[in-house]
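I have placed the structure first, in the form of structure tokens, so that the comments after it can refer back to it.
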Amino acid sequence: MNRRLFLASSLFGACARDHRPRLNVYNWSTYIDPAMLARFERERGVRLRYGTYESNEEMLAKTMTGNSGWDVVFPTHSRLAPMARAGLIANLDHSRLPSLRNLHARFQRPAWDPNLHWGVPYMWNATGVAYIPFQDFAVEGWSYLWSDRLRGRLTMLDDPEDVIGACLQKLGYPFGSIDARQLAAARNEAVRQKPLLRAYLNAEVRDQLVSGDVLAAQLWSTTAAQAMRGNPNLAFVYPEEGYPLYCDCAVILRESGRYELAHDFLEFLLQPDVAAANARAAETATANGEARVTRDPVLYPPDDIYRRGVWPEALPSAAQRYRDRLWTEIKSA
Amino acid sequence: MKRKALGIYSAFVLAFLHAPLLILIVFSFNSSRFTVWEGFSFRWYRAAMNDPQLADGLMNSLIIAVVAALLSTLIGTLAAYGIWRQRSVILSGSLYLSLVTPEIVTGVSLLALFQWSFRFLHMRLGLHTVVISHIAFSIAYVAIVISARLRNYDRSLEEAAMDLGASEWHAFSRVTLPSLAPAIAAAGLLALVVSFDDYVITSLVAGVDSETLPMVIYAMARRGVSPVVNAVSALIVVAFGAIILLSQRLQEK
Amino acid sequence: MSLRSRFLLPARVWMALFFAAPMAIVLSYSFLTRGEYGGVEQPWTVENFIRLAEPIYLSILWRSIWIAGLSTALCALLGFPLALFISRSGRRRNLYLQLVLLPFWTSFLVRTYAWLFILRDTGLVNTVLMRLNIIATPMQLLYNDRAVLLGLVCNFLPFFVLPMYATLERLDPALLEAAADLGARPFATLRRVIIPVSAPGFVAGSVLVFIPCLGAYLTPDLLGGGKTVMLGNLVQNQFTTARDWPFGSAASLVLMLASALLLASLMRSRMARELT
């Protein structure tokens, strides 16, 4: 009986086909305001199909073979060059994107894509240290996370790039180092930290920061901002040793046959009010300079702090493999 | 005497299994989005009802689970019975191997298969690919449950029936099948639940229009974003609980 | 074609298409090299398998077997009496079965988060114990192997209960009465009557618990705090963050082989004992 239902519903679906043009958008979860999607559908008379993913790798696994069905995806900036080299990205037609000038000055000629050939910067965030302040102690950077007073009440992100990067920066080395000795030293730092470490947690640690279970965490600025709303006693610092910045960019896949519509969508996202609504819904920092949002210093660091940040790049294969090997060693130590 | 002890023990085990569920339900009424109690509120239920993604996901999950469970129970039961009557090392070997394969590997390998073959067939990922994948891994579960039941089953019953003039088919359908019925029901339930709850494989082989409930929930929960997830889970539990009680009443009549 | 062969046909076709073919793909992946941007590329190599023999990966294998074995034992301990109880519950059988499965209609991730809440420092257990003055400072219940075991057992218990129930359901109460009439004490009845009959259920249940536990990754990540690496984590990591599909394929083939061997030896020992 249910098989008939399945068949019937697919038949019905085929017959009751929407004759509006369609656009398939694949984005990070909770990264857009649904009202904006509805507005785009209304204004352009199209049907938007919106799907979400949790990691770049998940998205890449689907798009890599070139017939995933998606038109627009949002990779993190370091994935743009590899994707372009693999021939997955359709070059942007600037004549269709007059609102590119709305982008904040920092994102007009970004390091990973200076001519904005590949992707339109969308939202960005950074990794830093969220903590419960003690009166006698000033927290400056990564080194706080090796403090003995945090024994058992400290967490790091469950992400090799962030953890190894933080260790490297703590030791004064570059975040994207591919030097074997520097990486080995970073591994030793991480292993040294393990007895103090409660767990490797991502956004899940937010609730434990709010309740006070955890005293300090390596955390993304977006999650930290959320936690601070739940517990105003919390603080966030952008480490003085340096910290990574991440930007997710809207990209049109070459396999898509809907270039015009896709460009329309990207142009739509660049409108200040749309960008503001999306930033509010995603609770993160927008790359749009014209959008009117409260510039929370946790999400929008001032210029001098911003200058300390680095934009990680895609690493060569051998270095990537070595890092991954180190991550396994760190985790099993 | 022994039954009472058994009953109390079972009650404890069931309570242990249901503890997370109760917590879930309690916190679905929390007015704060963090797991610190702030006050009583229905806001997450309202949010859940108004979320079209959740409704779509639930519908997809149900369709997939029912279709996959039906087909895999059918195929798996037949396979288990066939293997019981006539050994097939290759088939039982591959069934066990499919059980043993990590989900991510099943997912990635099926994705590769689909992507490769779809280029020639001009098809895309969708509900059908999810159903196919779910059946692929559920067959082994069903087969194992039925095989376990069959090992205690007396072969001679069927042979006796055939001596008395029944055909092979009748010996199976009139003699063996009825006594397998509870095991088939149990296996079908297992297949249903396994399919409904699957995330890893589904997320890899799902297409543009085939987001399932676990995918939606994972997305929400992983971000630590909101107790809408709790509200949805509470609604599901209450709905299924009601269905169970109802079917029990009907059975007892 | 005889009836029996026809019964096997659908399963054979399905497995050939949707298991054997993908497995062939995975097998070929394990002999290839990591692609620059993920995926696989030439040259062909056995390097991935050689790499697996390093001590770090062997220790991961051993640890996974240990935790999976312990989880299976706990599931058997908890699940056997429960299955026995359900099989003897007459008309309420289906009700109890479905009660066992009820939590599983919610997402696994959400249930695990609920356990996080129960076991946290400021969670349910610690708060209650501190209020009752049983402990002074919170116990570290989370982010260790104990919590991982708890999560695994909680999640895989039905996988043991269902096949166990399917087997025990066949147990004739008359047999037990007969044993009692003949003067057997309850423990002897358990040993001589119930356990032999339930043996296939034990085996099936253990298989259905042990194997997924071996490949589990979400539970060790969430409840173990990501501080330990089990085989499941290793494989998961290779196919996602590390983007090293060949190594991940090789690791999972080893995982599958190890499980298959364990399975085979278990099957053979049980069957041998049953036939004699």
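No value in this document is a laboratory result; all are computed from the given coordinates. Quick caveat: nothing in here was measured; it's all calculated off a predicted structure. Note that we place each Cβ from the backbone using ideal geometry, even for glycine, and neighbour counts take in every protein chain shown.
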Shielding by partners, peptide C:193-206 (average Cβ within 10 angstrom, other chains): 3
How big, in percent, is the set of alpha carbon pairs in region C:1-122 lying more than 20 Å apart? 76 percent
Projecting each Cα onto the charge dipole of the protein assembly as shown (Lys/Arg +1, Asp/Glu -1 at the beta carbon, about the Cα centre), which of A:Ala333, B:Phe240, C:Ala204 comes out farthest on the positive side? C:Ala204
Percent antiparallel among DSSP beta bridges (both partners in the protein assembly as shown, rounded to 5): 60 percent
I need the per residue convex hull volume for region B:53-222, using only the alpha carbons, in cubic angstrom as a whole number. 131 Å³
Tell me the label-point distance for the pair C:Gln140, C:Leu257, using the 7 Å Cα-to-Cβ offset, in nm and rounded to one decimal. 3.7 nm
Please build a GNM for chain C, connecting alpha carbons under 10 Å apart, and tell me which residue among C:Ala260, C:Ala147, C:Ala216 fluctuates the most. C:Ala260
If you count, for every residue in C:77-86, the Cβ atoms of partner chains within 10 Å of its Cβ, what is the mean? 4
Considering region C:1-55, what Rg and Dmax in Å follow from its alpha-carbon atoms? 17.5, 52
Helical mean residue ellipticity (222 nm; -39500 (n - 2.57) per DSSP H run of 4+; nearest 500) of chain C: -22500 deg cm²/dmol
Sites C:Val13 and B:Trp169 - FRET efficiency at Förster radius 22 Å, r taken between beta-carbons, to 0.05: 0.60
Starting at 0 and stepping by 20 Å, how many percent of the alpha carbon pairs of chain A end up in each bin? 29, 54, 17, 1
Please compute the net charge surrounding A:Ser143, taking Lys and Arg as +1 and Asp and Glu as -1 over other residues with Cβ under 14 Å from its Cβ. -2
Quick check on chain A: of the DSSP beta bridges with both residues there, what percent are antiparallel, nearest 5%? 60 percent
Take a quick pass over the protein assembly as shown and tell me how many lysine pairs come in under 29 angstrom between Cα atoms, counting only ones 8 or more apart or on separate chains. 9
Taking Rh as the Kirkwood radius computed over alpha-carbon pairs of region A:235-280 and applying Stokes-Einstein at 25 °C with viscosity 0.890 mPa s, one gets a diffusion coefficient in µm² s⁻¹ of 180 µm²/s
Debye, to nearest 20: dipole size of chain C, +1 on Lys, Arg Cβ, -1 on Asp, Glu Cβ: 800 debye
Per DSSP H run of at least 4 residues, take -39500 (n - 2.57); add these up for chain A, divide by its residues and hand me the 222 nm value, nearest 500 deg cm²/dmol. -11000 deg cm²/dmol
Quick note on B:His18, B:His134, A:His117, A:His19, ordering by fewest other C-beta atoms within 10 Å, gives A:His19, A:His117, B:His18, B:His134
Find the Cα radius of gyration of region C:65-124, compare it with 2.2 N^0.38 Å by division, and give the number to two decimals. 1.44
Measuring from its Cα centre, chain A shows a charge dipole (+1 at each Lys and Arg Cβ, -1 at each Asp and Glu Cβ) which, in debye to the nearest 20, is 760 debye
Dipole magnitude of region B:53-222, debye to nearest 20 (Cβ charges: Lys/Arg +1, Asp/Glu -1, about Cα centre): 240 debye
So how far apart, in nm, are the two label points at A:Phe137 and B:Gln248 if each is 7 Å from Cα heading toward Cβ? 5.2 nm
With r as the distance between the Cβ atoms of A:Tyr50 and C:Ala21 and R0 = 35 Å, compute the FRET efficiency 1/(1 + (r/R0)^6) and round to 0.05. 0.60
Assuming R0 = 56 Å, can you tell me the calculated FRET efficiency for the pair C:Glu36 and B:Ser31, based on Cβ-Cβ distance, to the nearest 0.05? 0.65
Starting from the alpha-carbon convex hull of the protein assembly as shown, give the projected area averaged over all orientations, in nm². 39.0 nm²
Compute the length gained on full extension between B:Leu22 and B:Phe40: take 0.36 nm times their separation in residues and subtract their Cα-Cα distance, giving the result in nm to one decimal. 4.9 nm
Cα gyration tensor shape for region C:44-275, rounded if a/c is under 1.5, else prolate or oblate: oblate
Distance (nanometres) between label positions extended 7 Å along Cα→Cβ at B:Asn50 and A:Arg39: 1.7 nm
Residues of region A:137-171 with amide nitrogen under 11 Å from the 7 Å Cα-to-Cβ point of A:Ala235? A:137-141
